[in-house]
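Beneath this line is the structure, given in structure tokens, with notes to follow.
The values are calculated or read from the model by the stated rules, or taken from the named source; none is laboratory data. If you're wondering where the values come from, they're calculated on a predicted model, not measured in any experiment. All Cβ positions, glycine included, derive from the backbone under ideal geometry; neighbour counts span all protein chains shown. These area figures cover heavy atoms from the full protein model, side chains too; ligands, DNA and RNA do not enter into them. Shrake-Rupley method; radii C 1.70, N 1.55, O 1.52, S 1.80 Å.
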Amino acid sequence: MENMAINEDIVIVGAGLAGHALTLWTNAWRALDAVGIGDNLRERSLLIHGFKIASKDSSVPTSEADVNFGNVEVRCVRRRDLLETLEKELPQGTIRYSSKVGSIEESEDFKLIHLADGSIVKTKVLIGCDGVNSRVAKWLGLQSPVSTGRSAIRGFVDYPDGHGFEPKFHTYFGGGLRCGFIPCDDRSLYWFCTFRRSDFKCDENEQNPLIMKQFVMSSIRNAPEQISEVIERTELDRITYAPLKFRLPWNVLLGNIVEDNVCVAGDALHPMPPDIGQGGCSALEDGVVLARCVGEALSTKPRANTKETKDEYLSKMENGLKRYAQERRWRSFSLISTAYVVGLLQESDSKVMSFLRKTFLSKFTIGTVVRMAEFDCGKLVKLSET
């Protein structure tokens, strides 16, 4: 069977982005600029100017109703727009769709990827970008992500004649629940509702969007009318559910995120709660850092008048992946830890926490979110320039 395998030098498993849309902060736009597609996506998304915050149980905003972002760049981008733009930058035939990984095994210096359709891909380097339930992460021996005790229902809404909302992150919280929406452009917006998992039982594999919609509507019945109108307008095929999971931060610090020319990135490396909006952003960071580390390692020239051997190639790749791991461990640890703590602060329904949130924590958490978005993953350098 190995003789019939498809041979590749590098295979990336996954690399898609789940959901209808994603909020991209400054650090993500720096990553997109590094690969040359930032301006293309800016033309199709609104610049978000700040937060508009209110209590879920009151139509009167809190004293921190409007918090401006200043020089921070925040936009909500349609998933389809991002994926199509990235795809256009790749040579035709680079992507193989509908290829679910069944198992991974070793064969000398190679990895054999067994796909669900029975085919086999043989590769020297394997990069796992296959999400929260990553098979590559499992192969590396990383612990499975654990539950935060919370879940999320999300939706996407089109407004053919325009929605008329301010280009702000509209957020409402209280009673152990947080919900809100953010415009993507003048005619569409993305919304979310996060809550205690015990409040709504749902089979992740047998989702019923009508029941999900009804749950959200009943949960926000006392919220400002505009959020109710947004969710009421949402078509059922635009509603999704997911339990919120995260990788224990010390597992990222101490676990094998790189081994034998195999590594992980994105949610396969650092699944985190959505509370600081860094899931997709940090995955884009990973991509730029990984490409730079591998590119710089491979640009090292072989000895004079010699041809690079297989062992030398694998050694260079190993060095590049190790440097990537070194750069991303602490950043991943920081992101996961911050997202978890911010989520607890925002959704706790205790009276003390509610008071602190209104008087102090709203500005604190927003400041934390902004600081996490200031990270600069750096630029890519063409091999000819090294």
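Laid out as a table, the results:
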{"read-out": "Cβ-derived FRET efficiency at R0 35 Å, Asn133 paired with Asn40, nearest 0.05", "value": "0.65"}
{"read-out": "Calculated diffusion of segment 203-285, Stokes-Einstein form, Kirkwood radius summed over Cα pairs, 4 °C and 1.567 mPa s, µm²/s", "value": "82 µm²/s"}
{"read-out": "The chain: DSSP helices with Cα axial extent of at least 24 Å and average Kyte-Doolittle hydropathy no lower than -1.0", "value": "279-298, 310-347"}
{"read-out": "Once exposed loop trypsin sites (Lys or Arg not before Pro) are cut out (DSSP; at most 12 other Cβ, 10 Å), longest piece of the chain", "value": "101-200"}
{"read-out": "Accessible-area composition of the chain, carbon plus sulfur, in percent [1.4 Å probe]", "value": "50 percent"}
{"read-out": "Pair Ser147, Gln207: separation of 7 Å Cα→Cβ label points (nm)", "value": "1.8 nm"}
{"read-out": "Dipole of segment 121-216 [Lys/Arg +1, Asp/Glu -1 at C-beta], most positive-end residue of Phe215, Val125, Thr171", "value": "Val125"}
{"read-out": "Spacing of the two label points (7 Å from each Cα toward its C-beta) at Glu105 and Trp330, in nm", "value": "4.1 nm"}
{"read-out": "Sequence-distant residues sharing a close amide H with Gly102 (under 5 Å, placed H)", "value": "His114, Leu115, Ala116"}
{"read-out": "Approximate spin-label separation Asn7-Arg196, in nm, with each point projected 7 Å along Cα-to-Cβ", "value": "5.9 nm"}
{"read-out": "Estimated 222 nm signal from helices in the chain, with DSSP H stretches of n ≥ 4 weighted -39500 (n - 2.57), rounded to 500", "value": "-10500 deg cm²/dmol"}
{"read-out": "Net charge dipole size for the chain [Lys, Arg +1 and Asp, Glu -1 on Cβ; Debye, nearest 20]", "value": "820 debye"}
{"read-out": "Loop-resident sites, segment 194-267, for GluC sites (Glu not before Pro), counting at most 14 other Cβ within 10 Å (DSSP)", "value": "Glu204, Glu206, Glu235"}
{"read-out": "Accessible area in square angstrom per residue, segment 3-42, 1.4 angstrom probe", "value": "47 Å²"}
{"read-out": "Per residue solvent-accessible surface (Å²) - segment 108-164, probe of 1.4 Å", "value": "41 Å²"}
